[in-house]
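These notes are about the structure you will find just below.
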There are 2 protein chains.
Amino acid sequence: MSEHTDVTPCDAADVTHWDETADVIVVGFGAAGSAAAFSAAATGAQVLVTERAGGPGGAAALAEGIVYLGGGTPVQKACGFEDSVDDMYRYLMAACGPDPDETKIARYCAESLGHFDWLVARGIPFDPTFCAETSMAPSGTEGLVYSGGEDAYPFNAIARPAPRGHLAKTERATGWLLMHHLATAATEAGAAVLTDTRVDRLVLADGRVVGVQAQRFGGTISLRARHGVVLTAGGFIFNDDMLRRHCPPLVRGTFKVGTEGDDGRGIRMAQAMGAAVRNMYAGAVSLPITPPRTLIHGILVNGHGQRFINEDTYMGRVGQAALYEQDGEVYLIVDEASYEVNWMGLAASWVCETAEQLESEMRLPAGSLQATLDVYNRHAARGEDPLFHKGPAWVRPLVPPIGAVDLRIGPAPYAPFTLGGLETTVDGAVLDLDGDPIPGLFAAGRTTAGVCSFGYASGLSIGDSTMFGRFAGVSAAASSL
Amino acid sequence: MSEHTDVTPCDAADVTHWDETADVIVVGFGAAGSAAAFSAAATGAQVLVTERAGGPGGAAALAEGIVYLGGGTPVQKACGFEDSVDDMYRYLMAACGPDPDETKIARYCAESLGHFDWLVARGIPFDPTFCAETSMAPSGTEGLVYSGGEDAYPFNAIARPAPRGHLAKTERATGWLLMHHLATAATEAGAAVLTDTRVDRLVLADGRVVGVQAQRFGGTISLRARHGVVLTAGGFIFNDDMLRRHCPPLVRGTFKVGTEGDDGRGIRMAQAMGAAVRNMYAGAVSLPITPPRTLIHGILVNGHGQRFINEDTYMGRVGQAALYEQDGEVYLIVDEASYEVNWMGLAASWVCETAEQLESEMRLPAGSLQATLDVYNRHAARGEDPLFHKGPAWVRPLVPPIGAVDLRIGPAPYAPFTLGGLETTVDGAVLDLDGDPIPGLFAAGRTTAGVCSFGYASGLSIGDSTMFGRFAGVSAAASSL
């Protein structure tokens with residue numbers, strides 16, 4: 001369309017001058033890129049990392065920094081939780097569906113303990129303490145949280161629940177600390193870095209990827225890769241055109257999670273030479289309701305005054321359901337005993353003496369919220385929730401006066417990022433439309449479709465970015481002309 | 001992966017012998033292909049059509065054969081309905097969303113009257129009579145039906161309602177008759193046809209499509225196109241792998257609409273050379289409940305005993321909501337006055353004296369269906385439905401004894417086909433990842449993303465296949481090396 005957006009691959013025969021040459025070129029210096037660069041450099045390969053921004057970090061440095069790990073990590077054990085690779089596998093196969101990539105999930109689980117050790121060896125500290133109050137980053141330095149609804153319906157019946165959200169120990173943002181250590185590890189291992197460099201297209205010779213072309217300070221440079229190129233350039237949450245083509249609900253997400261570099265260019269430049277994509281409709285959607293967890297005693301309703309999910313599940317599942325299925329129109333109904341202003345200041349917009357008054361003030365259809373409350377309270381009196389299976393600990397009748405927290409788009413922050421991308425093997429090779437690896441091309445992180453086909457748990461993005469980033473880096477270093 | 005599935009394009013330099021040469025090669029002899037072949041031949045071009053099956057027809061010949069047309073067609077006028085291009089446009093922009101291709105919808109509406117004439121000129125007869133009983137093909141020969149919920153919420157408030165589902169006049173299947181005339185028109189205009197020929201990949205020279213390679217009776221043949229190739233090879237409803245990658249809900253659809261040729265090969269062979277796709281998650285899902293329309297007096301509920309849609313809308317919207325959002329678990333609740341066995345024999349599986357007994361027999365949570373009925377009946381007593389806005393004509397309290405028709409996957413037929421595909425201009429040019437036309441490559445029909453981004457109305461698939469097939473055929477004939 002314009003030179004600015006052109007991702008059509010370039011023929012090596014048309015490259016008159018190579019500005020730099022390395023064994024492995026890594027495109028993007030975020031979580032996946034730093035892991036790939038470190039691992040490739042650790043094999044002895046000469047590595048060059050390019051980064052659009054002025055420094056490393058990517059989306060991970062802005063994120064909460066949870067890493068999803070399990071199977072009995074030292075942190076899990078110190079906190080008194082039993083876990084197994086099998087339970088982790090069963091949970092992920094259920095939670096990452098429908099139809100998640102079984103091969104990737106199996107590898108992710110099998111390698112999880114080793115990946116914990118790898119992160120520790122990169123200097124990342126984990127405080128072996130558990131925080132029960134949140135499924136996000138705690139306000140303290142605790143190193144473990146439930147981050148995917150493992151202890152709630154339906155997953156608590158599918159696999160033995162264990163918290164698997166691991167956080168680096170810091171009073172600051174854990175994502176920042178994580179990326180500080182990973183980027184430092186990559187450069188200390190010998191990776192060279194070109195910042196302020198936006199890779200635009202791949203360079204091909206005889207169907208093999210042999211380099212990239214990039215914009216740097218207004219000029220085009222050509223970078224040659226002797227062994228392979230690793231695309232770790234993020235997702236496409238900052239490209240509204242791509243969102244409209246592939247996952248329209250995410251266009252309405254107000255607080256996009258990522259950097260402006262997440263414009264899908266990494267995905268598109270590989271697609272332009274025939275790479276396959278999958279799960280392009282999928283997106284993680286955070287809708288932060290708790291802490292405090294006492295709010296879970298309330299009920300979530302949609303614009304018809306109906307419940308639609310168990311309130312004790314992972315808030316990312318609530319966010320997905322709210323944005324994808326309820327059109328971003330949801331409310332939390334609370335009574336005095338369950339109500340507190342939440343951690344980010346979300347307070348009740350309506351408080352009334354009766355459900356009838358409340359539904360009227362909220363402009364919900366007459367009788368709709370009353371009927372929902374009647375059915376809920378009838379079962380809650382026995383500690384049961386046969387409609388959505390909220391756990392007994394959170395089920396008790398709601399007693400007037402009652403109020404509602406407005407969780408519609410606008411009043412509440414919907415924070416999405418994309419989960420779809422290039423189809424890769426567990427070793428990071430990018431596949432073409434026939435399912436064959438494209439010679440010389442590797443990828444990891446949100447440029448790829450990872451362990452999640454649609455469902456998500458906090459920590460799976462940094463988790464699969466760093467783990468499969470490692471494998472992609474090693475594969476690229478070992479790839480030969 | 002295997003030679004059988006290899007869609008990687010072939011370099012013209014590797015073609016040692018061209019088995020056939022034509023100006024335009026049309027891949028697939030269904031609705032889009034026959035329109036493209038006729039229109040290209042009518043410009044004087046030498047046209048060769050390939051077809052995997054033993055004869056023409058494709059999915060359209062097996063379908064109901066509704067064509068979505070409006071703006072005041074002779075049939076609409078004869079039946080006493082006023083319509084305008086503007087009303088048709090407003091309806092489609094709302095019904096085909098979210099974020100439909102505005103350019104395509106505008107062109108589709110502007111050309112609709114001319115396309116009616118074009119179909120008539122191909123010999124297709126339309127009976128100028130209206131059938132109010134169904135939104136599918138009538139049992140008689142009526143030529144006009146409401147086929148997209150134009151006369152129900154929310155569309156009746158967005159545009160003046162008019163029926164736009166046009167049907168060829170026949171006692172047999174209208175899809176068959178339509179395809180008989182269109183295929184005959186193409187061959188009479190001079191198009192040559194190679195049946196039993198499965199095109200596997202495109203042939204390129206300097207980035208331009210110059211032909212195709214195909215399997216025919218066990219051998220590979222190469223077909224040269226002097227001007228252009230038109231891909232009209234259907235969608236991908238018969239490729240479970242692609243469904244899992246792009247639209248997992250459709251995997252569970254039991255009665256796939258199409259032919260086994262709808263395996264996505266046309267989409268994949270273009271993607272393999274860098275073509276862009278969109279709306280790959282979208283699927284039309286028919287769930288045939290009516291006729292008789294008296295069933296609309298009932299209410300549809302999900303597995304939580306909750307309503308989820310206005311029952312008087314287009315049944316394709318019910319089918320989409322049921323399969324995509326309700327996990328294929330829905331029921332129709334009826335009383336004696338609203339109940340009849342439906343046209344395909346779907347009968348009540350449960351009949352009870354009270355709602356309490358019914359929800360118990362259906363194993364719905366205690367009180368859930370009762371609460372839904374109480375709220376519904378409360379408003380229905382005044383002819384209102386503030387929750388889902390079913391029209392007043394269909395709203396009256398449901399009186400015990402009541403029963404339920406089991407509309408879950410299995411007992412009820414869910415009939416899906418895919419709506420996503422290649423990104424094309426209104427002239428049928430296939431676009432690459434940069435939004436630029438790929439020289440020599442054109443497409444139409446379900447190989448492309450048409451007027452629907454997600455929402456659907458009956459007749460839009462044959463409608464956009466035949467109209468944009470015509471334009472693609474003309475564009476291919478006019479394309480020069």
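The values are calculated or read from the model by the stated rules, or taken from the named source; none is laboratory data. Predicted model, so just to flag it, every value in this text is computed and none were measured. Cβ placement follows ideal geometry from the backbone for every residue including glycine, while neighbour counts extend to all protein chains displayed. All accessible areas refer to the heavy atoms of the entire protein, side chains included, with ligands and DNA or RNA removed. Shrake-Rupley method; radii C 1.70, N 1.55, O 1.52, S 1.80 Å.
General observations
- Taking the label point 7 Å along Cα→Cβ, B:Met344 and its counterparts in the other copies are spaced 4.4 nm apart, in ascending order.
- Stokes-Einstein diffusion for the stretch B:208-325, with the hydrodynamic radius set to the Kirkwood value over Cα pairs and evaluated at 20 °C in a medium of 1.002 mPa s, equals 124 µm²/s.
- Spin-label model distance (nm) - A:Met344 vs A:Phe255, 7 Å beyond Cα toward Cβ: 0.2 nm
- Radius 11 Å from Cβ of B:Asp23, net charge of other residues (Lys, Arg +1; Asp, Glu -1): +2
- Taking a sphere under 11 Å around the Cβ of B:Pro437 and counting the other residues whose Cβ falls inside, with K and R at +1 and D and E at -1, yields a net charge of -4.
- With distances taken between every two different alpha-carbon atoms, the stretch A:194-254 has a Kirkwood hydrodynamic radius of 13.8 Å.
- Under a 5 Å amide H cut-off, with hydrogens placed 1.01 Å from N, B:Asp200 pairs with B:Gln213, B:Ala214, B:Gln215 among residues at least 5 apart or on other chains.
- Computed over the stretch B:260-405, the alpha-carbon pair-distance distribution with 5 angstrom bins reads 2, 9, 17, 19, 18, 11, 5, 5, 5, 5, 3, 1, 0, each value a whole percent.
- Chain A: DSSP helices with Cα axial extent of at least 24 Å and average Kyte-Doolittle hydropathy no lower than 0.0: A:460-478
- With the gyration tensor restricted to C-alpha atoms of the stretch A:183-229, the semi-axes of the equivalent ellipsoid amount to 21, 16, 7 Å, longest first.
- Packing-based ranking of A:423-434, B:36-47 yields B:36-47, A:423-434, ordered from highest to lowest mean Cβ neighbour count within 10 Å.
- Distant-in-sequence amide contacts of A:Arg408, defined by a placed amide H-H separation under 5 Å and a gap of 5 or more residues or a different chain, comprise A:Val330.
- Calculated label separations, A:Pro401, copies of the chain, 7 Å along the beta-carbon direction, nm: 5.0
- Of the residues A:Gly463, A:Gly383, A:Gly55, the one whose Cα sits farthest toward the positive end of the charge dipole of chain A, with +1 on the Cβ of Lys and Arg and -1 on the Cβ of Asp and Glu, is A:Gly55.
- Put simply, the amide H of A:Trp350, placed in the peptide plane, has neighbours under 5 Å in A:Ala404, leaving out anything fewer than 5 places away on its chain.
- Test item: Cα-centred dipole of the stretch B:248-374, Lys/Arg +1 and Asp/Glu -1 on Cβ, debye: 860 debye
- Exposed trypsin sites (Lys or Arg not before Pro) absent: longest stretch of chain B, with sites in DSSP loops and at most 16 other Cβ within 10 Å deemed exposed: B:173-362
- Fraction of alpha-carbon pairs over 22 Å apart in the stretch B:392-471 - percent: 49 percent
- Here the Karplus curve 6.51 cos²θ - 1.76 cosθ + 1.60, taken at θ = phi - 60°, turns the phi angles of the stretch A:10-24 into couplings of 10, 7, 4, 5, 8, 8, 8, 8, 8, 6, 9, 9, 9, 5, 10 Hz, with x standing for Gly and Pro.
- Other protein chain Cβ atoms within 10 Å, averaged over every residue that makes up B:388-397: 0
- Spin-label proximity, A:Arg208 to the stretch A:11-47 - amide N less than 16 Å from point 7 Å beyond Cα toward beta carbon: A:11-13, A:22-25
- At 0.890 mPa s and 25 °C, Stokes D of chain B from Kirkwood alpha-carbon radius, µm² per second: 107 µm²/s
- Farthest positive-ward along the stretch A:390-462 dipole, Cα basis, beta-carbon charges - from A:Ser453, A:Ile402, A:Ala415: A:Ile402
- Semi-axis lengths, Å, the stretch B:96-217, gyration tensor of Cα atoms, sqrt of 5 times eigenvalues: 34, 23, 14
- Across the identical copies, how the A:Gly207 labels are spaced - nm, sorted shortest first, 7 Å along Cα→Cβ: 2.1
- Paramagnetic reach from B:Ala192 (point 7 Å along Cα→Cβ, amide N under 13 Å) across the stretch B:8-44: B:18-26
- Phi-based couplings in Hz for the stretch A:64-75 (Karplus 6.51, -1.76, 1.60; Gly and Pro marked x): 5, x, 6, 10, 7, 9, x, x, x, 6, x, 5
- Debye, to nearest 20: dipole size of the protein assembly as shown, +1 on Lys, Arg Cβ, -1 on Asp, Glu Cβ: 600 debye
- Each part reduced to its alpha carbon centroid, the stretch B:17-81 and the stretch B:101-138 end up 15 Å apart.
- Cα lying deepest toward the dipole's positive end in the stretch A:214-281, options A:Ser222, A:Gly261, A:Pro249, charges on Cβ: A:Ser222
- Residue list for the stretch B:206-241, given a label point 7 angstrom along the Cα-to-Cβ vector of B:Glu20 and an amide N cut-off under 18 Å: B:210-234
- Dipole in debye (nearest 20) - the stretch B:76-122, about Cα centre, beta carbon charges: Lys, Arg +1; Asp, Glu -1: 200 debye
- Selection of GluC sites (Glu not before Pro), the stretch B:131-206, meeting DSSP coil and at most 11 other Cβ within 10 Å: B:Glu171
- For the stretch B:319-324, the Karplus equation 6.51 cos²θ - 1.76 cosθ + 1.60, evaluated at θ = phi - 60°, returns couplings of x, 4, 4, 5, 7, 7 Hz by residue, with Gly and Pro reported as x.
- Under 30 Å between alpha carbons - lysine pairs in the protein assembly as shown that sit 8 or more apart or on different chains: 16
- To the nearest 10, the accessible area of B:Trp350 is 40 Å² with a 1.4 Å probe.
- One way to sum up the overall shape of the protein assembly as shown is the equivalent ellipsoid from its Cα gyration tensor, whose semi-axes run 44, 43, 20 Å, largest first.
- Net +/- balance of residues flanking A:His166 in space, Cβ distance below 15 Å, scoring K and R +1, D and E -1: -4
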